[in-house]
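Worksheet: the structure to be examined is printed underneath.
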Ligand SMILES: [Fe+2]
């Protein structure tokens, strides 16, 4: 049986070709896409990750001998389907720059300090009701060379794995009040205002913990009119 989802539910996602986002010019397909049926092994084969999630992987501030520098934050969210039902047991992974806007990656030569106490990657599973939670450091802005004086607003990358290898979704979320957001071609590659708004984390006082860290909420909707915009969701 073939499921065809309404095209409307695809309008949330970034356009493959967004000329302001320069690398999308080389990356975007220039021929019509060919639908490929998923094979049985793609749908039923083993998925990496779930069984190797360890206690503490969701706390990016305790992975080294000392505490990382920067503003400690809690990121909490709900993974749900188009009907609002929580999606349990999703592998949720995040990666991000440190408080100075530097990634631990050979390609990142931005002259900002690395933090020996911060790697910038963590993972967890959504719980039985679909909720996830991370403790981390608020990332800094970083320059990215897309155009003159181009700076990415603070953001955290997030990946979700469902029950099959073919069910991976990748997105990134932003923090309220950041003046760089309206200038960001990646944020603006999401075609609708409502889609862009769904990439914003919100300050959540109920997630904030006294004397410890500010809390932010970022919910993820997998599909439908309220779908979170996902990268690489070509149409
Ligand atoms: Fe990034």
Gaussian network model of the chain, springs between alpha carbon atoms under 10 Å - residue of 115, 178, 81 with greatest fluctuation | 178
Tail beyond 31 Å, pair distance distribution of the chain (Cα, percent) = 24
Against the rule of thumb 2.2 N^0.38 Å, how large the Cα Rg of region 121-205 comes out = 1.22
Within the P(r) computed for region 18-72, what percentage of the Cα pairs occupies the region above 12 Å?
-> 81
Residue among 84, 195, 162 with the largest mean-square fluctuation in a Gaussian network model of the chain, springs linking Cα atoms under 10 Å = 84
Across all Cα atoms of region 64-109, Rg and the largest Cα-Cα distance (Dmax), in Å, are 15.6, 44
Please provide three numbers in whole Å: the alpha-carbon extents of region 196-235 along the principal axes, with the largest listed first.
-> 46, 17, 14
Determine the equivalent ellipsoid of region 16-107 by diagonalising the alpha-carbon gyration tensor, then write out the semi-axes as square roots of 5 times the eigenvalues, largest first, rounded to whole Å.
-> 31, 25, 15
Kindly provide the helix-only [θ] at 222 nm of the chain, computed as the sum of -39,500 (n - 2.57) over DSSP H runs of four or more divided by all residues, to the nearest 500 deg cm²/dmol?
-> -1500 deg cm²/dmol
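FYI, it's all coordinate maths here, none of it is from the lab. Values in this document were obtained by computation on a predicted structure and should not be read as measured data.
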